[in-house]
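Q: I'd like to ask some things about the structure below.
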């Protein structure tokens, strides 16, 4: 029988406590912009046969959204400027969108600090964490933190999101009927983008070198539709 003294046991426990948190990451959601939310909901319903449900307003961003679950912890976010939104580069760009247009995507992570460490080991840096929230039509508040990739420059890179504990993930509360069949990212810095996704262990996304664009194919109630960036 092997007997370990208290000092050895304490050292082992301390070493375990110092190990980095196991990072879990994957595609979280895809943002599809449109100039008017009701117009976007109607357009998506015509294309897919699925009606997105309004998710609420982003208090400090001047936007509102509607959501569709893609299953497996993923969802599609239709996002549009509110009528009362002040003019800005992002708001003005959305107000010019006459059709559903992919304008971004997010990778969900279990811990932003661990993600930051994993990326730093590959020479990839993140901006500071930024808190976010959304007030739902029922009066509930959803909360999260995000961080954007700052270097090296990648025009079609995702941002990272960590949902606050206790906040229900939108994929579990949004209408079903759609799944993600394919996702293809074109970026002039395709090598750096691939390194980024490898560091986070994100799979299921095809990365190609080319002019910046995100392209997704959905299967919805027996229909197939493709949405893309400009």
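Q: Pick from segment 9-28 the residues that are surrounded by 11 or more Cβ atoms within 10 Å (Cβ to Cβ) and touching a helix residue (DSSP H, G or I) at 6+ places or on another chain (Cβ under 7 Å): which of them is modelled with the lowest pLDDT?
A: Residue satisfying both the conditions and the ranking: 21.
Q: Does residue 35 meet the test of being assigned to a loop (DSSP other than H, G, I, E, B) and touching a strand residue (DSSP E or B) at 6+ places or on another chain (Cβ under 7 Å)?
A: Yes; evaluated as a whole, the condition is true for this residue.
Q: Something else about it: Just one of (1) touching a strand residue (DSSP E or B) at 6+ places or on another chain (Cβ under 6 Å); (2) closer than 24 Å to residue 218 by Cα; (3) buried (at least 16 other Cβ atoms within 10 Å of the Cβ) trips up residue 43, so point out which.
A: (1)
Q: Further, regarding this structure: Residues that are touching a helix residue (DSSP H, G or I) at 6+ places or on another chain (Cβ under 8 Å) and crowded, with 16+ Cβ neighbours inside 10 Å: which strands (runs of 3 or more DSSP E) entirely in segment 113-195 hold 2 or more of them?
A: Where strands (runs of 3 or more DSSP E) fall fully within segment 113-195 and carry at least 2 residues being touching a helix residue (DSSP H, G or I) at 6+ places or on another chain (Cβ under 8 Å) and crowded, with 16+ Cβ neighbours inside 10 Å, they are 141-151, 159-163, 178-187.
Q: Sort through 148, 57, 122 and tell me the only one that's farther than 17 Å from residue 30 by Cβ and in contact with a strand residue (DSSP E or B) (Cβ under 6 Å, 6 or more places away or on another chain).
A: After applying the criteria, what remains is 57.
Q: Just wondering, is there one or more residues in segment 70-86 that are within 15 Å of residue 146 (Cα to Cα), touching a strand residue (DSSP E or B) at 6+ places or on another chain (Cβ under 7 Å) and either surrounded by 17 or more Cβ atoms within 10 Å (Cβ to Cβ) or modelled with pLDDT of 95 or more (or both)?
A: Looking for residues that are within 15 Å of residue 146 (Cα to Cα), touching a strand residue (DSSP E or B) at 6+ places or on another chain (Cβ under 7 Å) and either surrounded by 17 or more Cβ atoms within 10 Å (Cβ to Cβ) or modelled with pLDDT of 95 or more (or both), one finds none in segment 70-86, hence no.
Q: State the number of residues belonging to segment 199-230 that are within 19 Å of residue 43 (Cβ to Cβ) and crowded, with 19+ Cβ neighbours inside 10 Å.
A: 6
Q: Still on this model: Taking only segment 196-217 into account, find how many residues are within 17 Å of the chain's Cα centre (by Cα), within 11 Å of residue 156 (Cβ to Cβ) and in a strand (DSSP E or B).
A: 4
Q: Here's something else I'd like to know. Report, by residue number, each residue of segment 41-92 that is in a helix (DSSP H, G or I) and free of Cβ contacts under 8 Å to residues at least 60 places away in the same chain.
A: Across segment 41-92, the qualifying residues are 41, 42, 43, 44, 45, 46, 89, 90, 91, 92.
Q: Would you check which residues across segment 206-217 are more than 16 Å from residue 124 (Cβ to Cβ) and in contact with a helix residue (DSSP H, G or I) (Cβ under 7 Å, 6 or more places away or on another chain) and list them?
A: 208, 209
Q: On the basis of being under 17 Å from residue 27 (Cα atoms), touching a strand residue (DSSP E or B) at 6+ places or on another chain (Cβ under 8 Å) and not in a loop (DSSP other than H, G, I, E, B), does residue 226 make the cut?
A: no
Q: Let me ask something else. Please work out which one of (1) surrounded by fewer than 16 Cβ atoms within 10 Å (Cβ to Cβ); (2) touching a residue at least 40 places away in the same chain (Cβ under 8 Å); (3) assigned to a strand (DSSP E or B) is the condition residue 103 fails and give its number.
A: Status for residue 103: all satisfied but (1).
The values are calculated or read from the model by the stated rules, or taken from the named source; none is laboratory data. Remember, it's a predicted structure, so these values are computed and weren't measured experimentally. Methodologically, a virtual Cβ is constructed for each residue, glycine included, from the backbone with ideal geometry; neighbour enumeration extends over all protein chains shown.
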